[in-house]
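What follows is a single structure, written as structure tokens, with notes after it.
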Amino acid sequence: MHAYGTNGVINSHSSLLLRSVAEELKLPLLQIGRDAELQNLASANIAVDLKRIQNNADMALLLVDSYLLGLELNEAQAELTLEPVSLSGALDDAAHTLNQFAKQYDTTFELASSGKYGPVMAHAIGLKAALVSLGYALVSVPQEETSRRQVILGVHQSSSGLVAGVYGDFETLAHTHLKQARMLCGRARQPFRMLSSGSAAGVFVADTIFQAMHTKLNVSRHQKHTGLAATLQPSQQLALV
Amino acid sequence: MAQILLLEPDIVLSRIYAKALEQVGHKVSSVFDAQAAINVIDKFAPDLVVLELQLPIHNGVEFLYEFRSYAEWQKTPVIVQSFVPPSEFKLTPSLWRGLGIAIYLYKPRASLQQLLNSVQDQLVTITA
């Protein structure tokens, strides 16, 4: 009876998350489709940005992969072994992956991991996937054509661990928005209206992965920026580098 | 050719739609949320509005109520082009007409050509 109930909850969460991801994927697929059509409409006058098509396809694939990884990690949560992972390495990898994507959204992507941080206890692939999914969601937040957003992948020390996340000019973002968004994930078209005009699947995929690693997303501030971040526990192993 | 206000929250899609519309000679003003649209309307004076309903902060229906509350914008045609399927858009036909929605395109199934044709149809209707 207990197992049935547990499975029911897991299936319910995964199907809501799947709905959220499916809704989110409509955007990059539509961008790719209409970009290609634009070329056919106006081949003589408009050069279609093939790099943009590639970026959109790549990010869509990463989101699908991260969603599947989140499910796998949650299913194996009881046996999941966390290992010491270089946080600065994970942030660096995520920033590298997101950089091209950010450019097409007129967003400057910065890595702010000043200070020397040792390894944290995490699932190495999961940590990078969570940071990329989160960045994917926050980079595509609607903004004025005339403005240029700065999104920061940052880490800082807090009393409860190392806080790693993605930050930007989302000053009015509050914990209640995140709490409400979690409840609406997969149930509403715009569960996180503060951040996204769509399903904000990247946020929920990241949250799912972090939860498998025994932490979760919170609204956090880093320097003068506000964003979403998770607290990770430092590894007790000596940092050799 | 016409002045078109494009209310589309995604920058990438907005640029694609704007290019397609400009390619056939229209002048496009792109905005990403309802408040920005209200701010530019008087200055830009659109002949037609292309609107996504899923917008940040205020949604497209809220924009429409505000837009239609000004006498000078009550007859401007609006083409809804949205990720929201029409079947989920629970307005009665009379309310739909009351909001002045001329055409409803479901974005995942609407080609650029359909958008251009819809715009052209509406502009012909205005001038007729």
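The values are calculated or read from the model by the stated rules, or taken from the named source; none is laboratory data. Worth saying up front: this structure is predicted, and the values here are computed from it rather than measured. Backbone-built Cβ (ideal geometry, glycine too); neighbour counts: all protein chains shown.
Applying the criterion of being touching a Leu at 6+ places or on another chain (Cβ under 9 Å) and not acidic (Asp, Glu) to the residues of the range B:31-44, the residue that is farthest from residue B:73 (Cα to Cα) is B:32.
Taken as a whole, the range B:30-41 holds at least one residue that is in contact (Cβ under 8 Å) with a residue 24 or more places away in the chain, within 14 Å of residue B:7 (Cα to Cα), outside any loop (DSSP other than H, G, I, E, B) and not hydrophobic (A, V, I, L, M, F, W, C). Counting only residues that are crowded, with 20+ Cβ neighbours inside 10 Å, of a type in the set (Val, Ile, Thr) and more than 10 Å from chain A (Cβ to nearest Cβ), the range B:29-49 holds 2 of them. The single residue among B:52, B:22 that is buried (at least 16 other Cβ atoms within 10 Å of the Cβ), charged (D, E, K, R) and in contact with a Ser or Thr (Cβ under 7 Å, 6 or more places away or on another chain) turns out to be B:52. Only a single item in (1) more than 25 Å from residue B:18 (Cα to Cα); (2) part of a strand (DSSP E or B); (3) not hydrophobic (A, V, I, L, M, F, W, C) is not met by residue A:150, and it is number (1).
Results for (1) of a type in the set (Ser, Thr, Tyr); (2) within 20 Å of residue A:142 (Cα to Cα); (3) more than 14 Å from every other protein chain (Cβ to nearest Cβ), shown as yes or no for each residue.
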{"residue": "A:26", "(1), (2), (3)": "no, yes, no"}
{"residue": "A:38", "(1), (2), (3)": "no, no, no"}
{"residue": "A:50", "(1), (2), (3)": "no, no, no"}
{"residue": "A:104", "(1), (2), (3)": "no, yes, no"}
{"residue": "A:118", "(1), (2), (3)": "no, no, yes"}
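The set of residues in the range B:1-28 being hydrophobic (A, V, I, L, M, F, W, C) and within 7 Å of chain A (Cβ to nearest Cβ) consists of B:11, B:12, B:13, B:16, B:20. One residue is enough: does the range A:86-93 have a residue meeting the conditions modelled with pLDDT under 95 and touching a helix residue (DSSP H, G or I) at 6+ places or on another chain (Cβ under 6 Å)? For the range A:86-93, residues modelled with pLDDT under 95 and touching a helix residue (DSSP H, G or I) at 6+ places or on another chain (Cβ under 6 Å): present. Within the range A:13-44, the only residue that satisfies the criterion of being crowded, with 20+ Cβ neighbours inside 10 Å and of a type in the set (Ser, Thr, Tyr) is A:20.
The set of residues in the range B:60-100 being in a loop (DSSP other than H, G, I, E, B), within 13 Å of chain A (Cβ to nearest Cβ), surrounded by 12 or more Cβ atoms within 10 Å (Cβ to Cβ) and not aromatic (Phe, Trp, Tyr) consists of B:84, B:85.
Could you list, in sequence order, the residues of the range A:216-241 that are surrounded by fewer than 24 Cβ atoms within 10 Å (Cβ to Cβ) and under 20 Å from residue A:119 (Cα atoms)? If the condition is that a residue be surrounded by fewer than 24 Cβ atoms within 10 Å (Cβ to Cβ) and under 20 Å from residue A:119 (Cα atoms), then A:216, A:222, A:231, A:233, A:234, A:235, A:236, A:237, A:238, A:239, A:240, A:241 are the ones that fit.
Here A:180, A:237, A:190 are screened, and the one residue that is modelled with pLDDT under 95 and closer than 26 Å to residue B:32 by Cα is A:190. Right, residue B:103: outside any helix (DSSP H, G or I), within 13 Å of the chain's Cα centre (by Cα), away from chain A (no Cβ under 14 Å) and surrounded by fewer than 20 Cβ atoms within 10 Å (Cβ to Cβ) or not? Taking the combined requirement at face value, the residue satisfies it. If the condition is being without any contact (Cβ under 8 Å) to a residue 24 or more places away in the chain and crowded, with 24+ Cβ neighbours inside 10 Å, then the range A:193-209 contributes no residue at all.
This table checks each residue for (1) away from every other protein chain (no Cβ under 14 Å); (2) touching a Leu at 6+ places or on another chain (Cβ under 6 Å); (3) in a strand (DSSP E or B).
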site: A:154; (1), (2), (3): yes, no, yes
site: A:162; (1), (2), (3): yes, yes, yes
site: A:188; (1), (2), (3): no, no, no
site: A:199; (1), (2), (3): no, no, no
site: A:219; (1), (2), (3): yes, yes, yes
site: A:231; (1), (2), (3): yes, no, yes
